[in-house]
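The values are calculated or read from the model by the stated rules, or taken from the named source; none is laboratory data. All of these numbers come straight from a predicted model, not from anything done at the bench. Neighbour counts are summed over all protein chains in view; Cβ atoms, including those assigned to glycine, are modelled from backbone coordinates with ideal geometry. The accessibility values were calculated without ligands, DNA or RNA, using every heavy atom of the protein model including side chains. Shrake-Rupley method; radii C 1.70, N 1.55, O 1.52, S 1.80 Å.
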Amino acid sequence: AKRKAAEEKERLKAEAERRRLEEEEEAKRRKKWDPNTHFANKIVNPPDKNKDPDGNKSKGFTVWCSDGYGNDGWHSYGGAPAKEFDTTYATKKEANERACYLFQWRN
């Protein structure tokens, strides 16, 4: 009986360790894919000024979105996709970060 109790205790201990490691890995995965760990808040949630096409008084960099693909000769092709205004930023760095966020996290 003591041996069975010891084996059960060891099994429970190993199972708890396995769960702890799985939870640790899940937390790492969540952090890796959390855009807030990679981008400033104004990139993830742009302020109204950045959402206005005239927000930077025609100076700066505009981020456009589109949903389409090139003519590969196999799939039906309806032409170039329409582009849609997303945001405008005063710096190229911020505009590129927003484009990366849209492509990698919102795609």
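Data overview
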item: Rounded if a/c under 1.5, otherwise prolate or oblate - region 1-49, Cα gyration tensor axes; result: prolate
item: Peptides ranked, highest mean first, by Cβ atoms within 10 Å: ranges 68-80, 29-41; result: 29-41, 68-80
item: In degrees, nearest ten, helix 2-32 long axis to first principal axis of the chain (Cα); result: 10
item: Peptides ranked, highest mean first, by Cβ atoms within 10 Å: ranges 92-104, 5-17; result: 92-104, 5-17
item: Read-out P(r) over Cα pairs in 10 Å bins from 0, in percent, derived from the coordinates shown; its label in (1) 16, 50, 28, 5, 0; (2) 13, 25, 19, 16, 10, 9, 6, 2, 0; (3) 13, 35, 30, 15, 5, 1; result: (2)
item: Percent carbon-and-sulfur accessible area, the chain, ignoring ligands, DNA and RNA, probe 1.4 Å; result: 52
item: Cross-link partners of residue 28 among aspartates and glutamates (Cα-Cα below 17 Å; sequence separation of 8 or more within a chain); result: 17
item: Cα gyration tensor shape of region 35-84, rounded if a/c is under 1.5, else prolate or oblate by comparing a/b with b/c; result: oblate
item: Partners for residue 83 among aspartates and glutamates (Cα-Cα distance below 19 Å; same-chain residues under 8 apart left out); result: 52, 54, 67, 97
item: Tilt relative to the chain, helix 92-104 - C-alpha long axis, 0 to 90 degrees, to 10; result: 50
item: List 2, 83, ordered by accessible area with a 1.4 Å probe, largest first; result: 2, 83
item: The chain - accessible surface per residue (Å², probe 1.4 Å); result: 83
item: Relative contact order [Cα under 8 Å, 6+ residues apart], the chain, whole percent; result: 26
